[in-house]
Amino acid sequence: MAPHTDLTDALVIGGGPAGLGLAAELAACGLGVRLVAPHPPRPFPATYGAWLDEVPGPVRPALAQVWTDVRAYTDEEPTPLLRPYALFDNARLLETLLARAGSGLAWTVGTVAHAERAGKEWEVRGAGGERWRARLVVDAGGHLGGLNGPTHPVGVALQTAFGIVAHFDRPPGPSGGVSWMDYRAGHLPPGGVRAAPTFLYTMHLGGDLYLAEETSLIARPGLTRELLERRLHARLAAQGTPPWEIESTEWVSFPMNTAAPAPGPVLAFGAAAGLVHPVSGFQVAGALADAPVVARAVASALDRRGPVCSVQAGWHALWPQGRRAAREVALLGVDALLALPGDALPAFFAAFFRLPAPEWHAFLAPRTGAGALARTMLRLFAQAPNPVRLPLARAALGQAGPSGRALRAAVGGN
């Protein structure tokens, strides 16, 4: 491929919803944007669910379904969550973001191999010998890494899931609704539950079609695809709801305990910037909400103060100090979950969903402050049963590093 010599304002690496979302907002701010991805525009392959109240208004037309019957099972009786839950239509989401970008976005098929400063600009090289010039570079290559490489920390803890979209004679979850978390596991030996807890996540997609996923919320090391696939089919058989035709399968694996990254000369975004929620694993709706905030900060600074300052402005908009402190507190929640034996997780989440709804909603939200997170954690500790409290206390007392300092500061009112 012949080298590209035209200069663009921003080059965005990655064609997922986060990368395209930020690229679209940068273009909407009047910048010229090149997006580089290994494939042409295509519907995103993963399943993206989100709480309806966290989906930004401009992308709500891209929702496929919204359910009001949303349940959690921590024992035999369901807990109504009373919070609408949504599923993105990935083809419509792609169309919505491309329309938002308009003519300001050039989608280029390629793989970025290297980027270096060339005076006041960046020269970006593709794996096929291509060269692109840009005033600033954004890495939105996902948690496996685009330009900056994998974001996995030492001692990474993973959320993993294996799912199917299939036809069922009998519903595997609530007809017309969502089973957000079903920890019932009478079909498994107690030792297996204690060592490797998993839950069922289902969505009714219409007619006899359902998404059913066996999910490990967080584990170190992460549970394997083979184990989760066996668990899913064993569960479906045990509850008398085996699928009769499978349309597609899905495998999910991503890190949950990623700290906020240090600002660098390349702006990161999406999972590459550590935006995966460390307790729920959600990322897409939050990234789509962050995109216009970050884009406005970048665009405002670019012409007035230059590319270096514009990247700094983007980092500050994405990870202000208060949000960094909140991430350290939230990482305590990760440590608590990892400290709990698997058979204590149902009791933990039973206590969690007994919290006042605004508190558990905020705890799972992407931009809740450190103080609110810490107070919710203390309230949860106070009302959790004793078998849950002890490992939680051990996890909290063991935090001598940044997370522990952040918790103490947050409780103190910061």
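Name the residues in the range 367-393 that are assigned to a helix (DSSP H, G or I), of a type in the set (G, A, S) and in contact (Cβ under 8 Å) with a residue 40 or more places away in the chain, would you?
A370, G371, A374
Can you pull out the residues in the range 166-190 that are at pLDDT below 95 and outside any loop (DSSP other than H, G, I, E, B)?
P190
Taking the stated definitions as given, is G163 surrounded by 21 or more Cβ atoms within 10 Å (Cβ to Cβ), assigned to a strand (DSSP E or B) and under 18 Å from the mean Cα position of the chain (by Cα)?
In short, yes.
So G404 fits all but one of (1) more than 28 Å from A285 (Cβ to Cβ); (2) modelled with pLDDT of 90 or more; what number is the exception?
Failing condition for G404: (2).
Taking the options T151, T79, name whichever one is within 23 Å of I218 (Cβ to Cβ), touching a helix residue (DSSP H, G or I) at 6+ places or on another chain (Cβ under 9 Å) and modelled with pLDDT under 95.
Answer to the check: T151.
Please determine, by comparing only the residues of the range 241-261 that are more than 22 Å from E226 (Cβ to Cβ) and among the aliphatic types (A, V, I, L, M), which one is surrounded by the fewest Cβ atoms within 10 Å (Cβ to Cβ).
That would be A259.
Being under 24 Å from H277 (Cα atoms), among the hydrophobic types (A, V, I, L, M, F, W, C) and touching a Pro at 6+ places or on another chain (Cβ under 8 Å) is the filter here, so list the residues in the range 297-328 that pass it.
V311, W315, W319 - these are the residues of the range 297-328 that are under 24 Å from H277 (Cα atoms), among the hydrophobic types (A, V, I, L, M, F, W, C) and touching a Pro at 6+ places or on another chain (Cβ under 8 Å).
Residues of the range 272-314 being touching a His at 6+ places or on another chain (Cβ under 8 Å), under 24 Å from M256 (Cβ atoms) and of a type outside the set (S, T, N, Q), which ones?
A272, V276, G286
Suppose we filter A330, A325 for residues that are at pLDDT 95 or above and of a type outside the set (F, W, Y); which single one remains?
The unique qualifying residue is A325.
Considering the range 316-329 alone, what residues qualify as being in a helix (DSSP H, G or I), free of Cβ contacts under 8 Å to residues at least 60 places away in the same chain and surrounded by fewer than 22 Cβ atoms within 10 Å (Cβ to Cβ)?
H316, A317, Q321, G322
Pick from the range 269-317 the residues that are hydroxyl-bearing (S, T, Y) and at pLDDT 95 or above: which of them is nearest to the chain's Cα centre (by Cα)?
Looking at the filtered set, the residue picked out is S310.
Taking strands (runs of 3 or more DSSP E) that do not extend beyond the range 1-79, which have at least 2 residues that are over 30 Å from T160 (Cβ atoms) and touching a residue at least 40 places away in the same chain (Cβ under 8 Å)?
Strands (runs of 3 or more DSSP E) meeting the threshold: 7-13, 33-37.
Taking interchain pairs and intrachain pairs at least six residues apart, which have beta carbon atoms under 9 angstrom, with the first residue in the range 117-141 and without any contact (Cβ under 8 Å) to a residue 40 or more places away in the chain and farther than 14 Å from G32 by Cα and the second assigned to a strand (DSSP E or B) and acidic (D, E)?
E123/E116; R125/E116
Any idea which of S179, S175 is surrounded by 21 or more Cβ atoms within 10 Å (Cβ to Cβ) and either under 30 Å from E123 (Cα atoms) or of a type in the set (S, T, N, Q) (or both)?
Selected residue: S179, the only one of S179, S175 that is surrounded by 21 or more Cβ atoms within 10 Å (Cβ to Cβ) and either under 30 Å from E123 (Cα atoms) or of a type in the set (S, T, N, Q) (or both).
Can you tell me which residue among A297, A313, A289, A272 is surrounded by 24 or more Cβ atoms within 10 Å (Cβ to Cβ), among the small types (G, A, S) and over 26 Å from A384 (Cα atoms)?
The match here is A272.
Return the residue satisfying two criteria in turn: it lies in the range 119-139 and is part of a loop (DSSP other than H, G, I, E, B) and charged (D, E, K, R), and of such residues it is surrounded by the most Cβ atoms within 10 Å (Cβ to Cβ).
Only one residue tops the list, namely E130.
The values are calculated or read from the model by the stated rules, or taken from the named source; none is laboratory data. Nothing here was measured: the structure is a model prediction, and the numbers come from that model. A quick note on method: Cβ atoms are made from the backbone with ideal geometry, for glycine too, and the neighbour counts reach across all protein chains shown.
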